[in-house]
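Data block below; observations after.
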Amino acid sequence: MPMEPFRALAVGIDLAWRPVTLFCSVIDAVAKLQQEAWLAMTERATNRLRARSGR
């Protein structure tokens, strides 16, 4: 049995999978940036509260 249809299917799956992995890596990068921004914001808020309470 020739392997050409399977090879074509494998190439098709590979080409379809690349945008998915790219999309996931972009989402991951955005989530990391969001997390860093959130941490910085909560840290500033904590520092403000500490300064206000005099500790």
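Placing unit charges on the Cβ atoms of the charged side chains and taking the dipole of the chain about its Cα centre, the candidate lying farthest along the positive direction among Ala37, Val26, Leu49 is Leu49. Net length available on complete extension from Asn47 to Arg7 is 8.5 nm, with 0.36 nm assigned per residue and the Cα-Cα distance removed. 3J(HN,Hα) couplings calculated from phi for region 45-53 with the Karplus curve 6.51 cos²θ - 1.76 cosθ + 1.60 (θ = phi - 60°) are, in sequence order, 5, 5, 5, 5, 5, 5, 5, 5, 7 Hz; Gly and Pro show x. Translational diffusion of the chain, estimated by Stokes-Einstein from the Kirkwood radius over alpha carbon pairs at 10 °C in a medium of 1.306 mPa s, is 105 µm² per second. Per-residue ellipticity at 222 nm, computed for the chain from helices alone with -39500 (n - 2.57) per DSSP H run of at least four residues, works out to -34000 deg cm²/dmol.
Across the accessible surface of the chain, with the other protein chains kept in place and a 1.4 Å probe, carbon and sulfur atoms take up 68 percent.
The values are calculated or read from the model by the stated rules, or taken from the named source; none is laboratory data. Keep in mind that what you see is a predicted model, and the values were worked out from it rather than measured. Cβ sites come from the backbone with ideal geometry, for glycine too, and all protein chains shown count toward neighbours. We work out accessible area using only protein heavy atoms, side chains counted, and drop any ligands, DNA or RNA first. Shrake-Rupley method; radii C 1.70, N 1.55, O 1.52, S 1.80 Å.
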